[in-house]
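Data first, discussion second: the structure below is written as structure tokens.
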Amino acid sequence: MLARRFAALLAGHDVHYAWVVVAVTFLTTLTTAGAVGIPGALILPLTQEFGWDTAEISSALALRLLLFGLMAPFAAALIERYGVRRVVVAAVVLIVVGLAGALVMTRVWHLVLAWGLIVGIGTGMIALVLSAIVSNRWFSQRRGLVIGLLTASSATGQLVFLPLAASLAASVGWRAALVPPLGALMLAALLVVLFLRDRPSDVGLAAFGDTGPAPPPPSAPPQAAIRRAFQVLAEASASPVFWILFATFFICGLSTNGLIQTHFIPLCADFGLAPVAGATVLAAMGIFDIIGTIGSGWLSDRVDPRKLLFWYYGLRGLSLLYLPSSSFSLYGLSLFAVFYGLDWIATVPPTVKIAATVFGRERAGIVFGWVFTAHQLGAATAAFGAGLSRTLLETYLPAFYLAGAACLLAAVLALGARSSQRPAALA
């Protein structure tokens, strides 16, 4: 009732309620990103307090990233079945329980349970599929810009929470670093309950950019979530485009969440850079990623998304290959932060655009969910693999060189994702 009244009030001022939905979704994904990214700032404090090595801690973070991706296609189907609000609120509750559970942990398996299993499932229920679903349901125009804005929220979460977490961990203790994201998550849950709605028709509107009366909500009850997710997978997997997106997004996760977000601060420490300084560089990347991702969304409405992906993956690969030779000086890291930051998550808008074009708006959320699963499989591989490299070889560098080379391969693969390659079942 409150949402419908607010929508009518905004309509009187020529403002579409879709932008309220974008704002609430932005805050939700921002706080989720904070929950996902913060453990990367706490690897060193956990090692110092409990004596756990990097590989042990990385196993929990890898599980979290893996579940973050594996839940994505089922999250999209759950949203279709039970609605956006119910799924998002349930996810936030799980994340809060997982983060708070770490406050009393004393064993590695406690860490795996709290930050690996519980937080992994909770964040996976939201993931990037929420942004894809919101942009496709609420917008007919400016969809690329919206997905760019919502994707940028994950960079904003890093920008807000990581430096603060590193500072609190250094000055007060790592447990204090969990307080800000816990408070932000509870605020986000409240706003979701009050203002987030499933479709424009729930508040008597058509999608932004559509004309005419609001279409009625789907009359047929959705299929069971698991069955629906696997049915869409079976149909989409007949298209070569799906496997190209799957492979390139695996490499995307390999070179972002699992590597930089998880291990960049310990890597900087290996080269004599304090954790707070390393977190500050990550925050700088976040600033440039906000610019790059929003710009990518704008470009995705105007430029062939395959060409965008070619440049994004190519520049990311070159920046990762450059990083070890930067000597971790102020100038070298600043240069890396600019080029890497601009395309950290800029790959998402063109990937979503290709998925929606090839597989249709109704299936795009679940298809992207499966593609995002590949992203997190890559992230989990890098999170554990880089930690293992640091433990066994006493250096992170092989992981960074391999990720850089993989990005160059992804740049070439992306050019093959032609929209004419539509599977028969979806045509």
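Summary of values
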{"read-out": "The chain - accessible surface per residue (Å², probe 1.4 Å)", "value": "38 Å²"}
{"read-out": "Cα convex hull of the stretch 312-387, projected area averaged across orientations, nm²", "value": "5.8 nm²"}
{"read-out": "Degrees separating the helix 179-195 axis from the principal Cα axis of the chain, which is the longest one", "value": "0 degrees"}
{"read-out": "Candidates 151, 106, 256, ranked by Gaussian network fluctuation over the chain, Cα under 10 Å, top entry", "value": "106"}
{"read-out": "Accessible-area composition of the stretch 262-387, carbon plus sulfur, in percent [1.4 Å probe]", "value": "73 percent"}
{"read-out": "Nearest 10 degrees, 0 to 90: helix 84-101 Cα axis against the chain principal axis", "value": "20 degrees"}
{"read-out": "The stretch 33-100-the stretch 294-373 distance, computed between alpha-carbon centres (Å)", "value": "22 Å"}
{"read-out": "With every protein chain in place, the stretch 64-211: carbon and sulfur % of accessible area (1.4 Å)", "value": "69 percent"}
{"read-out": "Per-residue [θ]222 nm for the chain (sum of -39500 (n - 2.57) over DSSP H runs n ≥ 4, rounded to 500)", "value": "-23500 deg cm²/dmol"}
{"read-out": "Long-range HN-HN contacts of residue 139 with modeled amide H, under 5 Å", "value": "208"}
{"read-out": "The chain - charge dipole about Cα centre, Lys and Arg +1 at Cβ, Asp and Glu -1, debye rounded to 20", "value": "1020 debye"}
{"read-out": "Cα-centred dipole magnitude for the stretch 262-392, charges only on beta-carbon of K, R (+1) and D, E (-1), debye, nearest 20", "value": "280 debye"}
{"read-out": "Ordering of 376-389, 13-26, 170-183 by burial proxy (mean other Cβ atoms within 10 Å per residue, highest first)", "value": "376-389, 13-26, 170-183"}
{"read-out": "The chain - convex hull of alpha carbons, volume per residue in Å³", "value": "131 Å³"}
{"read-out": "160, 358, ranked by accessible area, largest first (probe 1.4 Å)", "value": "160, 358"}
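The values are calculated or read from the model by the stated rules, or taken from the named source; none is laboratory data. These numbers come from a predicted model, not from an experiment. Ideal geometry is used to build each Cβ from the backbone, glycine not excepted, and the neighbour counts take in all protein chains shown. Just the protein is used for accessible areas: all its heavy atoms, side chains included, with ligands, DNA and RNA removed. Shrake-Rupley method; radii C 1.70, N 1.55, O 1.52, S 1.80 Å.
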